[in-house]
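Taken together, the values in this text are just the output of simple stated rules run on the coordinates, not laboratory data. Keep in mind the model is a prediction, meaning the values are calculated, not measured. Note: ideal-geometry Cβ built from the backbone for every residue, glycine included; neighbour counts use all protein chains shown.
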Amino acid sequence: MTHNTDLNIALFERAKRVIPGGVNSPVRAFKAVGGTPRFVKRAQGAYFWDANDQRYIDYIGSWGPMILGHGHPAVVQAVQQAVLEGFSYGAPTEREVELAEEILRLVPSMDMVRLVSSGTEAAMSAIRLARGATGRSKLIKFEGCYHGHADALLVKAGSGLATFGNPTSAGVPPEVVQHTLVLEYNNIEQLEEAFALHGPELACLMIEPIAGNMNFVRASVPFMKRCRELCTQHGALLVFDEVMTGFRVALGSAQSVYARHLPGFEPDITVMGKVIGGGMPLAAFGARRAVMEHLAPLGSVYQAGTLSGNPVATACGLATLREIAKPGFYEELSRKAQLLMGGLQTAADKAGVPFCTDSEGGMFGFFLFKELPQNYATVMTTDNKRFNILFHGLLDRGVYIAPALYEAGFMSAAHTDADIAETVAAAAEVFKMI
Ligand SMILES: *Cc1c(COP(=O)(O)O)cnc(C)c1O
C-alpha cells in the first residue's frame with residue numbers, strides 16, 4: 001500500500017540542514033505523528049502533489065485559507081493582474097479600501113478595519129488596541145485557544161485562578177505573561193470567578209468562538225452569552241479571534257452563528273486572517289469606530305507594517321471574498337462537510353471504533369471518542385497511537401488530514417462528492433486496523 005516517498009525523505013534531510021527541524025512552522029514537521037512530511041510540488045483544486053508526484057486529497061487547504069480550492073481561476077487571474085501592476089508600494093491603494101469595504105459589509109460588527117500580514121500580528125495588535133482603548137492591562141484567554149505566537153498570548157497552562165499563566169514557550173519572560181489569565185474553555189463558573197476577582201483590571205477577553213486549535217470545540221451558547229454579559233458589565237472588550245473561523249464557518253463568520261442563538265450578539269473586536277487572504281499573507285482586525293480611532297495615526301496606540309495591505313495579497317483576498325459571497329456557497333460547503341462527517345461516522349460505527357464529529361460551514365473536526373469534548377483537557381485524552389494509525393493509514397491512501405489530533409479540518413469548494421466517497425472508503429479500511 002505504502003507508496004514511494006524517497007524524494008520527500010531526501011528533501012526533508014536537505015531541509016533539516018538549513019532550516020530548524022526542516023520546516024518554517026512546527027506542525028509541518030510531522031513530529032506528533034512521525035514519518036516524513038510531504039513536500040508539496042504543486043496543487044490544483046482539492047488536490048496537491050508531493051515530491052514523488054503522489055496525489056493527495058487535501059483537507060488542510062493551507063490550514064484554512066484555500067476555501068475555494070487551489071488555483072481558482074478568478075483568484076489566479078486577479079493575482080496575475082496585480083503582479084503586473086507592482087508587488088508593493090508602501091503607499092495606500094484603492095484595492096485596500098475595496099477590501100476593507102467588502103469585509104465590513106460582510107461582518108457588520110466592525111465599522112473600521114486595519115489590514116496586516118499575519119494572524120499573529122492581527123491578534124497581537126488587537127490586544128494592544130484593547131489595552132490602549134481601556135487603559136487596562138489584564139486579559140483573559142482560554143486553554144487550548146491559539147492566537148498566534150505573540151509573547152503575551154503564548155500561555156495555556158491551566159494554573160488556576162489565583163495565579164496568572166506560565167509561558168508555554170522558552171524565551172517568554174514570566175513578567176510578559178503576568179497579565180494573562182488562562183481559564184478553562186466552556187467553564188462558566190471559572191469565568192464568573194475571574195471577573196469577580198479581576199473585573200476592573202481586565203482590558204479584554206480573547207476567544208476562538210469555535211476553537212480550531214484543539215481540533216474542533218464550540219464555545220457553548222450559554223458560555224458565550226456569559227462572556228458577552230460579563231465583558232459588558234465590567235467594561236472589558238470581547239475579542240473574537242476569527243482568524244480560522246472568519247469566512248470559513250459562515251459568510252458572516254462565527255459571530256453570525258452565535259447571533260442566530262443570541263439576537264443582537266456581537267463582539268467588540270474581531271481578528272481575521274486565513275480565508276481573507278485567500279492563501280496570501282493577509283490578516284486584519286476591526287471594531288466599532290470609537291475603538292478603532294485609538295489607532296495611530298488617529299490615536300495613541302501604535303501599529304504599522306511595511307507590507308500591510310500588500311497589493312498582491314489584497315487582490316487575492318478580494319477575489320476570494322467575491323467568490324464566497326455568491327448565493328448558495330456556504331450551503332454547498334456545509335453539505336459536503338456534513339457528507340464527509342456522516343460517511344466517516346458510518347464507517348467508524350461499522351468497525352466498532354468510538355467516534356464523533358462536528359462541523360460548521362467548511363470547518364470540521366472528528367474525535368476518537370463517543371462524545372464531543374468541551375475543553376482542551378478532554379481533547380488531550382485522545383489515544384495518540386490510534387490517531388496516528390488513522391493519520392498514516394489515510395496518508396498512505398492519498399488522503400491528507402492534519403498531522404496532529406488537535407487541529408481542525410477544512411472542506412473546500414473544489415472537493416467533489418467523488419473525493420468524499422474516496423476518502424470515506426479509505427477511512428473504512430483504516431478503521432478496521434484501529
Ligand atoms: C492561524 C491562527 C492564528 C495565527 O495566524 P498566523 O497567520 O499563523 O500568524 C491566530 N489565531 C487563530 C485562531 C488561528 O487559527
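Which residues does the label zone of A425 cover in the stretch 386-405, counting backbone N under 17 Å from a point 7 Å along Cα→Cβ?
From the stretch 386-405, the list is 394-400.
Normalised radius of gyration for the chain, please: alpha carbon Rg relative to 2.2 N^0.38 Å, two decimal places.
Working: Rg = 21.3 Å, N = 434, 2.2 N^0.38 = 22.1 Å.
Scaled against compact globular proteins, the figure is 0.96.
222 nm [θ] for the chain, helices only, -39500 (n - 2.57) per DSSP H run of 4+, per residue, to 500?
-11500 deg cm²/dmol
So which of K225/K370; K350/K432; K31/K274; K141/K225; K156/K274; K350/K370 end up more than 20 Å apart, counting from Cα to Cα?
Result: K225/K370; K31/K274; K156/K274 exceed 20 Å.
Give me Y47, Y89, Y146 ranked fewest to most by other Cβ atoms within 10 Å of their Cβ, as a rough exposure proxy. Write out the running numbers ahead of the final one.
On the way: Y47 18, Y89 11, Y146 22.
Listed from fewest to most nearby Cβ atoms, that is Y89, Y47, Y146.
Mind jotting down the distance between the C-alpha centroids of the stretch 296-361 and the stretch 55-69, whole Å?
10
If the only charges are +1 at each Lys and Arg Cβ and -1 at each Asp and Glu Cβ, what is the size of the charge dipole of the chain around the Cα centre, to the nearest 20 debye? Walk me through the intermediate numbers first.
On the way: 37 positive and 42 negative charges, 102 e Å.
Roughly 480 debye for the chain.
Tell me which aspartates and glutamates have Cα within less than 14 Å of K326's Cα, excluding those fewer than 8 residues away on the same chain?
Partners found: E102.
May I ask you to derive the relative contact order of the stretch 73-324, considering only C-alpha pairs under 8 Å and at least 6 residues apart, and to give it as an integer percent? Intermediate results must be reported in sequence, preceding the final value.
Working: 507 pairs, mean separation 71.6, N = 252.
Here the relative contact order equals 28 percent.
Among M110, M341, what is the fewest-to-most ranking by other Cβ atoms within 10 Å?
Working: M110 25, M341 22.
Listing M110, M341 from fewest to most nearby Cβ atoms yields M341, M110.
Evaluate the Debye formula for the stretch 73-324 with equal point scatterers sitting on the alpha carbons, no solvent, and hand back log10 of I(q)/I(0) at q = 0.08 Å⁻¹, in q order, two decimals.
-0.30
Restricting to bridges with both residues inside the stretch 73-324, how much of the DSSP beta-bridge set is antiparallel, in percent to the nearest 5?
Values: 12 of 29 bridges.
Among the beta bridges of the stretch 73-324, antiparallel pairing accounts for roughly 40 percent.
How do 186-195, 391-400, 206-215 rank on mean C-beta neighbours within 10 Å, highest first? Write down the numbers at each step before the final one.
On the way: 186-195: 17.0, 391-400: 19.8, 206-215: 25.7.
Top to bottom by mean Cβ count within 10 Å: 206-215, 391-400, 186-195.
Out of G286, G21, G144, any idea which swings most in a Gaussian network model of the chain, alpha carbons joined below 10 Å?
Result for the chain, Cα springs under 10 Å: G21 fluctuates most.
Near the amide H of L237, under 5 Å away, which other amide H atoms are found, from residues 5 or more places off or on another chain, if H is placed in the peptide plane?
Here C204, L205 satisfy the definition.
Relative contact order of the chain, please, whole-number percent, based on alpha carbon pairs below 8 angstrom and at least 6 residues apart. Could you put the intermediate results ahead of the total?
On the way: 880 pairs, mean separation 93.3, N = 434.
That works out to 22 percent.
Going by how many other Cβ atoms sit within 10 Å of their own, how do I127, I9 line up, fewest first? Present the calculation step by step, with values, prior to reporting the outcome.
Numbers: I127 26, I9 16.
Placing the least packed residue first, the sequence is I9, I127.
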